[in-house]
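J.: This is the structure I have questions about; it appears just below.
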Amino acid sequence: MTKKTVFFVVAILLMTACPIHVTAQDADSTRLRPSFGLDYIGELQTDFKYTKFVNLLELHAEVPLSQKISFSASTLSLATTNEDMLFLNLQGYSNIDAWQIPFTLTVAGFTWRVNDHHSVFAGIRRIDEDYFCSDGLSLFTNTSCGGFPTVVNNLVTPTFPLASMGIHYAYESERWGIQASVYDGTGSWELKGRNNVFRVCPKSDGIFALGQVEYRHNDSHYFLGASVHDMYVWGEGERKLRPAAYGYAEQALSDRLTLLAAYSHAFSEDEPFRNFCAIGGTYTCKRVECGVFSDYTSLIGVDEWATEFNCKVTLTDYLSVQPVFHLIITDSKTNCAGLLRMNVSL
């Protein structure tokens, strides 16, 4: 990764703040403008003995090149007062907790919108840009809500804060959503060196493929998906397929109350995470959204039950605050964590 390449990516992001446009070559000469977005999360964490503070900044840009093709990019920067978790657990109580990351790319590539229903993206991307980001799961900070551990945690997959080169296909209609993706099998956040996000080496990194079908009906959403990791197993001298499947539902009982249920299973017997199940619900009243989410998983004989109580208060169109409480029982040991999160979206 050269300095010129980094400069080019940053320049593309800065261009979105300028009033430039590209004129499409059609009868109406439609003016296409770049768009720019910023998301900041500041999160105070405590186990009621110690505290830490995590800052996450994400920049997003989309530059239309024609009526059908656009370039999109997202960057991520993360700063924390302590890279260690407050206490040991399997799933994580904060979906923005990671190590110090001054700057990395999580999206950088081109989208071809074939028509109103079909689109194809090629370039750098993360799994959680497209999967496990439904309205119900997005409320919660439990990291399993951003990717079930049976799917994303058994190997180093391109999920937050990691990304990798890949191709993503999407079909969207009023009732149906279909997605399929193929990634380089190992995620990274580095912009240079051997293990960088631009790397494409399926022989050593493997291939990670993921597909999902979504059905929508009366504000309810039903998801069914599967993944497979084709990875070379060192010591066995052969490649091995590691399949997993998952399903989850967000059943609307009213315009305010939604129930959630999920289950996932990894089929390889030597996988660290074999099963995951969860149940929860959300309730919305004007600018306040509350929810509870309880799940179970195990790691090589260690069981964990985690329950999250969450309340998100939207103060303005750009600002919200979110107090969260986690009760986590890992190998019969109980721990508690409290979060106070501020979300800024521009």
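The values are calculated or read from the model by the stated rules, or taken from the named source; none is laboratory data. Here the structure is a predicted model, which is why all the values come from computation and not from measurement. Cβ placement follows ideal geometry from the backbone for every residue including glycine, while neighbour counts extend to all protein chains displayed. In case anyone asks, the SASA skips ligands and DNA or RNA and just uses the protein heavy atoms, side chains included. Shrake-Rupley method; radii C 1.70, N 1.55, O 1.52, S 1.80 Å.
J.: Tally time: how many residues in the range 178-190 are at pLDDT 95 or above, farther than 12 Å from His118 by Cβ and over 15 Å from the mean Cα position of the chain (by Cα)?
T.: Result for the range 178-190: 1.
J.: A further question on this structure: Just to be sure I understand, how many residues within the range 204-223 are open to solvent by 50 Å² or more (accessible area, probe 1.4 Å) and within 21 Å of the chain's Cα centre (by Cα)?
T.: Going through the range 204-223, the residues open to solvent by 50 Å² or more (accessible area, probe 1.4 Å) turn out to be 207, 213, 215, 217-219, 222.
Still in the running and within 21 Å of the chain's Cα centre (by Cα): 207, 213, 215, 222.
Number of matching residues: 4.
J.: I would also like to ask the following. What number of residues within the range 249-281 are open to solvent by less than 50 Å² (accessible area, probe 1.4 Å), among the hydroxyl-bearing types (Ser, Thr, Tyr) and farther than 15 Å from Ser134 by Cβ?
T.: So the answer is 1.
J.: In addition: Given the conditions (1) surrounded by 20 or more Cβ atoms within 10 Å (Cβ to Cβ); (2) hydroxyl-bearing (Ser, Thr, Tyr); (3) over 26 Å from Ala278 (Cα atoms), which single one is not true for Ser77?
T.: Condition (1) is where Ser77 drops out.
J.: Also, I was wondering about something else. Being touching a strand residue (DSSP E or B) at 6+ places or on another chain (Cβ under 7 Å) and of a type in the set (D, E, K, R) is the filter here; which residues of the range 276-297 pass it?
T.: Filtering the range 276-297 for residues touching a strand residue (DSSP E or B) at 6+ places or on another chain (Cβ under 7 Å) gives 276-283, 287-297.
The answer is Arg287, Glu289, Asp295.
J.: When you scan the range 235-346 for strands (runs of 3 or more DSSP E) that lie fully inside it, which ones turn up with 1 or more residues that are free of Cβ contacts under 8 Å to residues at least 12 places away in the same chain?
T.: On the way: elements: 238-252, 257-266, 273-285, 288-299, 302-314, 319-330, 333-345.
Once the strands (runs of 3 or more DSSP E) in the range 235-346 are filtered for at least 1 residues that are free of Cβ contacts under 8 Å to residues at least 12 places away in the same chain, what remains is 238-252, 333-345.
J.: Quick check, is Ala226 open to solvent by 20 Å² or more (accessible area, probe 1.4 Å), free of Cβ contacts under 8 Å to residues at least 24 places away in the same chain and within 18 Å of Val156 (Cα to Cα)? Give the derivation first.
T.: Values: open to solvent by 20 Å² or more (accessible area, probe 1.4 Å): yes; free of Cβ contacts under 8 Å to residues at least 24 places away in the same chain: yes; within 18 Å of Val156 (Cα to Cα): yes.
Yes.
J.: Oh, and also: Looking at this structure, is Gly211 free of Cβ contacts under 8 Å to residues at least 60 places away in the same chain, under 19 Å from Arg126 (Cβ atoms), in a strand (DSSP E or B) and touching a strand residue (DSSP E or B) at 6+ places or on another chain (Cβ under 7 Å)?
T.: Working: free of Cβ contacts under 8 Å to residues at least 60 places away in the same chain: yes; under 19 Å from Arg126 (Cβ atoms): yes; in a strand (DSSP E or B): yes; touching a strand residue (DSSP E or B) at 6+ places or on another chain (Cβ under 7 Å): yes.
Yes; evaluated as a whole, the condition is true for this residue.
J.: Is there a residue in the range 38-48 that is buried (at least 18 other Cβ atoms within 10 Å of the Cβ), at pLDDT 95 or above and not charged (D, E, K, R)?
T.: Keep residues of the range 38-48 that are buried (at least 18 other Cβ atoms within 10 Å of the Cβ), which gives 41, 43, 45.
From the residues that got through so far, the ones that are at pLDDT 95 or above too are 41, 43, 45.
Of the ones still in play, those that are also not charged (D, E, K, R) are 41, 45.
Yes: the range 38-48 contains one or more residues that are buried (at least 18 other Cβ atoms within 10 Å of the Cβ), at pLDDT 95 or above and not charged (D, E, K, R).
J.: Tell me which residues, restricted to the range 80-126, are among the small types (Gly, Ala, Ser) and under 15 Å from Leu59 (Cβ atoms). Don't jump to the end; show me each part of the working.
T.: So in the range 80-126, the residues among the small types (Gly, Ala, Ser) come out as 92, 94, 98, 108-109, 119, 122-123.
Of everything in the range 80-126, just one residue is among the small types (Gly, Ala, Ser) and under 15 Å from Leu59 (Cβ atoms), namely Ala108.
J.: Taking the conditions exactly as written (in contact (Cβ under 8 Å) with a residue 24 or more places away in the chain, under 30 Å from Arg287 (Cβ atoms) and outside any loop (DSSP other than H, G, I, E, B)), does Thr75 satisfy them or not? Please lay out each step first, then the result.
T.: Working: in contact (Cβ under 8 Å) with a residue 24 or more places away in the chain: yes; under 30 Å from Arg287 (Cβ atoms): yes; outside any loop (DSSP other than H, G, I, E, B): yes.
In short, yes.
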